[in-house]
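Novice: The structure under discussion is supplied below as structure tokens; questions concerning it will follow.
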């Protein structure tokens, strides 16, 4: 029995969560260990570790995402729910925390106002519903927070705002100013003008909330939805599905088990929430996915209660690296294998390694490199087509003496499998 206690002393969270609510199982604790009476000690050590994971006492900046179905009740808007959320967020503000709300619900509220029963599918109708519903949605938030003496601000976004470095920085400065004034920014996608066809749509507010958490360096993203947690399989189809309390790493198996999109007026399903958690985790942000209809859910999460599923962060990328990684690419630069290998060795991308250019983009925009990486292009697509495959010494002759002779520098290249 001598060496067995080292199992407890050397406990570290695994790199992959094995879809089980039994903590001893995912630590691969075998029956031999249990027979020696160490199970209670090991589980106690694990529970202390989980408690640390749920310690938000030093959390200063929180993003709260609220889904459409969470805001609704009996086919209409639940005004009392808005008031409850406002009261809980007021408590966070009183604790010297900054809070940003990312909300859905504009299309659903607009559809309800028009008397529509199903989910609007035609783009024009969805845009019309959003235009009708957004001011109604903000009115609910304004009245709810106003009762607690809190000012709110409406911020409507399209994907291109976050993909463009200049407008992204302007947005960040605006939000920082609002937070410094003690105002709660209420963010939503500008659904009345955003369309997936022209690349201005985020696709769902799960992704938007994660991008916002990443952009403003939030410590915690709370995603309030109509499900209790992440499950090891679809609980609607499998009665034996088990909730997963902790996710250390988002694996391909977890993504595959996540299923499709949501229903009725929402666009986000579990898969989009997993993808959102991955974005936020890359920013060093913890994510808690929980049922928004749990009583005082925000307050209890902040107090460390084991509600829902917590996703733990990966190593934190720089703000610029996250901007590159999460921006929609304006085009694609095809490069040869030698160039790709050089980039992995932290070298610049030279024109000689370029084999093709797809799309139209300007210098300074984010592009794909094959399907392996994203980068900020130093040359526009028209210039790049002229110098593709050429040696660096020829660049200044072709484009002028002031032109850079590299396509992208190492600091502006982020591999998708980093």
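The values are calculated or read from the model by the stated rules, or taken from the named source; none is laboratory data. A quick note: this is a predicted structure, and the numbers were derived from the prediction, not measured. Heads up, the Cβs are rebuilt from the backbone with ideal geometry, glycines too, and the neighbour counts pull from every protein chain shown.
Novice: Assess whether residue 297 counts as being more than 18 Å from the chain's Cα centre (by Cα) and either crowded, with 17+ Cβ neighbours inside 10 Å or under 24 Å from residue 254 (Cα atoms) (or both). Let's see the steps before the verdict.
Specialist: Numbers: more than 18 Å from the chain's Cα centre (by Cα): yes; either crowded, with 17+ Cβ neighbours inside 10 Å or under 24 Å from residue 254 (Cα atoms) (or both): yes.
Answer is yes for this residue.
Novice: Going through segment 341-367 one residue at a time, which ones are closer than 19 Å to residue 328 by Cβ and surrounded by fewer than 19 Cβ atoms within 10 Å (Cβ to Cβ)?
Specialist: Once the filter is applied, which keeps residues that are closer than 19 Å to residue 328 by Cβ and surrounded by fewer than 19 Cβ atoms within 10 Å (Cβ to Cβ), segment 341-367 yields 358, 359, 360, 362, 363, 364.
Novice: OK, next. Please tell me if residue 329 is without any contact (Cβ under 8 Å) to a residue 40 or more places away in the chain and under 30 Å from residue 220 (Cβ atoms).
Specialist: Working: without any contact (Cβ under 8 Å) to a residue 40 or more places away in the chain: no; under 30 Å from residue 220 (Cβ atoms): yes.
No: the conditions fail for residue 329.
Novice: If you check residue 151 against the conditions, is it in the same structural domain as residue 183 (by TED's automatic domain parsing), over 24 Å from residue 331 (Cα atoms) and buried (at least 19 other Cβ atoms within 10 Å of the Cβ)?
Specialist: When the stated conditions are applied, residue 151 does not pass them.
Novice: Consider residue 140 carefully, then state whether it is in contact (Cβ under 8 Å) with a residue 40 or more places away in the chain, within 25 Å of residue 92 (Cβ to Cβ), over 18 Å from the mean Cα position of the chain (by Cα) and surrounded by fewer than 19 Cβ atoms within 10 Å (Cβ to Cβ).
Specialist: So residue 140 fails the test.
Novice: Mind checking which residues of segment 114-137 are in a loop (DSSP other than H, G, I, E, B), surrounded by fewer than 19 Cβ atoms within 10 Å (Cβ to Cβ) and at pLDDT below 90? Walk me through it before giving the result.
Specialist: As a first pass, look at segment 114-137 and keep what is in a loop (DSSP other than H, G, I, E, B): 114-122.
With the extra rule that they be surrounded by fewer than 19 Cβ atoms within 10 Å (Cβ to Cβ), the set shrinks to 114-119, 121-122.
The answer is 115, 116, 117, 118, 119, 121, 122.
Novice: Given the criterion assigned by TED's automatic domain parsing to the domain that holds residue 82 and touching a helix residue (DSSP H, G or I) at 6+ places or on another chain (Cβ under 6 Å), identify the matching residue among 131, 159, 106.
Specialist: 106
Novice: Could you please find all residues in segment 368-380 being assigned to a loop (DSSP other than H, G, I, E, B), in contact with a strand residue (DSSP E or B) (Cβ under 8 Å, 6 or more places away or on another chain) and surrounded by 21 or more Cβ atoms within 10 Å (Cβ to Cβ)?
Specialist: Of everything in segment 368-380, just one residue is assigned to a loop (DSSP other than H, G, I, E, B), in contact with a strand residue (DSSP E or B) (Cβ under 8 Å, 6 or more places away or on another chain) and surrounded by 21 or more Cβ atoms within 10 Å (Cβ to Cβ), namely 377.
Novice: Looking at segment 393-400, can you tell me whether even one residue there is in contact with a helix residue (DSSP H, G or I) (Cβ under 6 Å, 6 or more places away or on another chain), surrounded by 15 or more Cβ atoms within 10 Å (Cβ to Cβ) and not in a helix (DSSP H, G or I)?
Specialist: No, because not a single residue in segment 393-400 is in contact with a helix residue (DSSP H, G or I) (Cβ under 6 Å, 6 or more places away or on another chain), surrounded by 15 or more Cβ atoms within 10 Å (Cβ to Cβ) and not in a helix (DSSP H, G or I).
Novice: Residue 322 - would you say it is closer than 27 Å to residue 212 by Cα and touching a residue at least 60 places away in the same chain (Cβ under 8 Å)?
Specialist: So residue 322 fits the description; yes.
Novice: Any idea which of 55, 74, 78 is surrounded by fewer than 18 Cβ atoms within 10 Å (Cβ to Cβ), farther than 18 Å from residue 182 by Cβ and under 23 Å from the mean Cα position of the chain (by Cα)?
Specialist: Working: 74 fails: under 23 Å from the mean Cα position of the chain (by Cα); 78 fails: under 23 Å from the mean Cα position of the chain (by Cα).
Result: 55 is the single residue among 55, 74, 78 that is surrounded by fewer than 18 Cβ atoms within 10 Å (Cβ to Cβ), farther than 18 Å from residue 182 by Cβ and under 23 Å from the mean Cα position of the chain (by Cα).
Novice: Filtering segment 202-215 down to residues that are more than 15 Å from residue 325 (Cα to Cα) and surrounded by fewer than 24 Cβ atoms within 10 Å (Cβ to Cβ), which residue is modelled with the lowest pLDDT? Spell out the reasoning first.
Specialist: Kept after step one, since they are more than 15 Å from residue 325 (Cα to Cα), are these residues of segment 202-215: 203-206, 209.
Subset that is surrounded by fewer than 24 Cβ atoms within 10 Å (Cβ to Cβ): 203-204.
On the way: 203: 55, 204: 72.
Among residues in segment 202-215 that are more than 15 Å from residue 325 (Cα to Cα) and surrounded by fewer than 24 Cβ atoms within 10 Å (Cβ to Cβ), the one modelled with the lowest pLDDT is 203.
Novice: Next up: Pairs needed: first member in segment 347-364, under 13 Å from residue 382 (Cβ atoms); second member anywhere, exposed (fewer than 15 other Cβ atoms within 10 Å of the Cβ); C-beta distance under 7 Å; at least 6 residues apart or different chains.
Specialist: Going by the 7 Å Cβ cut-off, the qualifying pairs are 357/385.
Novice: Under the condition of being surrounded by fewer than 19 Cβ atoms within 10 Å (Cβ to Cβ) and within 38 Å of the chain's Cα centre (by Cα), which residue from segment 401-411 is farthest from residue 339 (Cα to Cα)?
Specialist: 403
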